[in-house]
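Reading through the structure tokens given below for one structure.
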Amino acid sequence: MTHPAQLGTNALPAPWEPGRSETHLWAVRVNAYAPEALAAEGLLDPDERARCQAFVRDADRVRYRVAHVALRLLLGAYLDQNPAAVRFVREPCPGCTEPHGRPAVPGAPLHFSLSHAGDAVLLAFAGAPVGVDVEEVPAADAAAEVAAMLHPAERAELAALPRPEFRAAVGRCWSRKEAYLKGVGIGLGELPSVTYVGTGRAPGAVPEWTVTDVACPPGYAAACAVLTGEAT
């Protein structure tokens, strides 16, 4: 289990040195950080502000604002530049080569990933392609629907569990799977049944990737996947 730094509690990081191989994880609680994010909303570019205002629910606007202000603040620190000046692009999708793959900053010496759900935001920065995901543990009906889409070995693991452990196991598995697919850059362009990540207390081995669970608030599941180039 990996424990992320907390934005608003830990100091902003030093600039990222090219060639660094470690992974840095940061967490933000939406409700706690909402006032700071609102005050810093001017860091967002016009497209981000438009997307933020397009949400119908205020809770969704607040969550988006917190997540994207946090991303800009951290990237600004890592890249040693004004957070408002950070420019984003999309890498080619590995499945179709269209520009909707991993988000990136042109010329940056690091990769990053962002996820948010409920009151939780999770961000990762690494010297190699990386993906993170945080999910609220699904309700029983939703967990059953997700379980039916998983890898055959994962479905077998879930079928063997006592019912009280089922929802948490599905949440663990789904967060690992989403983190891996975001790291690859294909998202749900790959069926959830293809790659095995496991439902147990420790992630399954994924060739060329290291998948780890991430500490998160009760009622959530979170994971990080980083390309290592080695079978794990």
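The values are calculated or read from the model by the stated rules, or taken from the named source; none is laboratory data. Values in this document were obtained by computation on a predicted structure and should not be read as measured data. Using ideal geometry, Cβ is built from the backbone for each residue, glycine included, and neighbour counts are taken over all protein chains shown. Ligands, DNA and RNA are excluded from the accessible area calculation, which covers all protein heavy atoms including side chains. Shrake-Rupley method; radii C 1.70, N 1.55, O 1.52, S 1.80 Å.
Annotations for the structure displayed:
- Checking every one of the trypsin sites (Lys or Arg not before Pro) in the stretch 1-77 against DSSP loop status and a limit of 11 other Cβ atoms within 10 Å picks out 57.
- Filtered trypsin sites (Lys or Arg not before Pro), the stretch 154-221: DSSP coil and at most 11 other beta carbons within 10 Å: 201
- When Rg and Dmax of the Cα atoms in Å is calculated for this entry, the matching label among (1) 17.5, 52; (2) 18.1, 65; (3) 19.9, 71 is (1).
- Crossing angle, helix 30-39 versus the chain [Cα axis fit, 0-90 degrees, rounded to tens]: 20
- Shape category assigned to the stretch 1-114 from the gyration tensor of Cα positions, a/c cut at 1.5: oblate
- Per-residue SASA remark: residue 134, around 10 Å² accessible (1.4 Å probe; ligands, DNA and RNA not included).
- The Cα atoms of the stretch 70-140 give a gyration tensor whose axes a ≥ b ≥ c have a/c of 1.5 or more with a/b no greater than b/c, which makes the shape oblate.
- A Cβ-based charge dipole, computed about the Cα centre of the chain with Lys and Arg at +1 and Asp and Glu at -1, lands at about 200 debye.
- When 2, 9 are compared by accessible area of protein heavy atoms, the largest-first order is 9, 2, using a 1.4 Å probe.
- Surrounding net charge for residue 90, when Lys and Arg each add one and Asp and Glu each subtract one, Cβ distance under 13 Å: 0
- Computed from Cα atoms, the angle from the helix 163-184 axis to the main principal axis of the chain rounds to 50 degrees.
- For the stretch 1-45: rounded, prolate or oblate by the Cα gyration tensor [a/c cutoff 1.5]: oblate
- Axis of helix 58-79 versus longest Cα principal axis of the chain: the two differ by about 70°, to the nearest ten degrees.
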